[in-house]
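Colleague: Please find one structure pasted underneath; my questions will follow.
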Amino acid sequence: MDSLENRVAIVTGAGSGLGRELAKLCAAEGMKLVLADVDQKGLEETRSMLGATESVVRRTDVTKREELDALASLTYDTFGKAHLLFNNAGVAASGPVWSSTADEWAWVMGVNVMGVVHGIQAFVPRMLEQGEPAHVVSTASLAGLTSVPGSGVYCVSKHSVVTLSECLYHDLQMAKADIGVSVLCPAFFKTGIAESERNRPQELSESNPDGAAFAQFVKAAIEAGKLSAEDIARTTLDAVKADRFYILPHKGARKSVELRMNDILNDRNPTSPMA
Ligand SMILES: NC(=O)c1ccc[n+]([C@@H]2O[C@H](COP(=O)([O-])OP(=O)(O)OC[C@H]3O[C@@H](n4cnc5c(N)ncnc54)[C@H](O)[C@@H]3O)[C@@H](O)[C@H]2O)c1
């Protein structure tokens, strides 16, 4: 999709971090916007940064399919089309796999994986019918292409987003659909992700008892991130315009992907990407 002007973008997780920057850049491209998040205040703040852009906001919990269906209905009722869907909402949990909790699996898989599934299921059937090009971008992570110590739950969720996006791409190619797909795989960058707990449901509150040290490491790595959320958003929009599938904004991080692939292909045991 080379021209974004006057087209309609939907952003989940638009109340903070990368989602907010994606919304701002889409607005700067002249797009109309549908902003979704569980954080209503964050959504309103994002909207206030968009100037005269035509936009609607809707409190949406991506773990709930019916809320994504309602978001799709709002999009089509308001703007008649949906061109660019960002399945971006995400949360993180830390700690060794053996002490990860059932609550963490339910929470992280619910937001990071089922949130993307729900976005695809709510929007793609209508995109297929609308007779105009569209594009689906899902935010995975470098943790979707590598395996990071102390991040088992998060890595499983993000590997799922990568393969889900690859399968979606193949399915749409087979259907000869004019719908592009991209999967975004950034390394650490500064956002609110280290404070994911702020949006954690009360009923899924049991944390990994051994998670604190890993969480501190992640927090420090995020603070030290070399690229900004705006940089990541810009690279993402460039990839959409170029119809590029894999988006790896941190060039140096490619080495850890190569290392993992070489471990697999050369029958070696896994090398830590942190080594
Ligand atoms: N920041 C990083 O270092 C980094 C690296 C790789 C990937 N990512 C991914 O980037 C994406 C955006 O995260 P971010 O870094 O901007 O963090 P962030 O915390 O600033 O933003 C995430 C947003 O998702 C929203 N959210 C959480 N649960 C939700 C739910 N159930 N339904 C709807 N919205 C919900 C939050 O309210 C928040 O506004 C995530 O998918 C994250 O996993 C981040």
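The values are calculated or read from the model by the stated rules, or taken from the named source; none is laboratory data. None of these values were measured; they are calculated from a predicted model. Cβ: placed from backbone, ideal geometry, glycine included. Neighbour counts: every protein chain shown. Ligands, DNA and RNA are stripped out before the accessible areas are found, and what is left, the full protein with its side chains, is counted by its heavy atoms. Shrake-Rupley method; radii C 1.70, N 1.55, O 1.52, S 1.80 Å.
Colleague: Has the stretch 200-219 got any residue that is touching a strand residue (DSSP E or B) at 6+ places or on another chain (Cβ under 7 Å), in a helix (DSSP H, G or I), over 25 Å from VAL11 (Cα atoms) and not hydroxyl-bearing (Ser, Thr, Tyr)?
Modeller: yes
Colleague: Which numbered condition trips up TRP98, out of (1) farther than 26 Å from ALA177 by Cα; (2) part of a helix (DSSP H, G or I); (3) within 14 Å of the ligand (Cβ to nearest atom)?
Modeller: (3)
Colleague: Test LEU204 against the stated conditions and say whether it is open to solvent by 20 Å² or more (accessible area, probe 1.4 Å), at pLDDT 95 or above, within 16 Å of the ligand (Cβ to nearest atom) and farther than 25 Å from LEU84 by Cβ.
Modeller: When the stated conditions are applied, LEU204 passes them.
Colleague: Does ALA72 fit the bill of being part of a helix (DSSP H, G or I), open to solvent by less than 10 Å² (accessible area, probe 1.4 Å) and more than 13 Å from the ligand (Cβ to nearest atom)?
Modeller: So ALA72 fits the description; yes.
Colleague: Another question, then. Filter the stretch 22-42 down to the residues that are in a helix (DSSP H, G or I) and near the ligand (Cβ under 8 Å from one of its atoms) and list them by number.
Modeller: Hit for the stretch 22-42 is GLY42, nothing else.
Colleague: Here is a follow-up. Hey, GLY180 hits all of (1) among the small types (Gly, Ala, Ser); (2) outside any helix (DSSP H, G or I); (3) buried (at least 23 other Cβ atoms within 10 Å of the Cβ); (4) more than 9 Å from the ligand (Cβ to nearest atom) but one; which does it fall short on?
Modeller: (3)
Colleague: Right, something else. Say whether the condition of being of a type outside the set (Lys, Arg), within 29 Å of LYS32 (Cβ to Cβ) and either part of a loop (DSSP other than H, G, I, E, B) or open to solvent by 20 Å² or more (accessible area, probe 1.4 Å) (or both) is met by at least one residue in the stretch 137-153.
Modeller: Yes: one or more hits.
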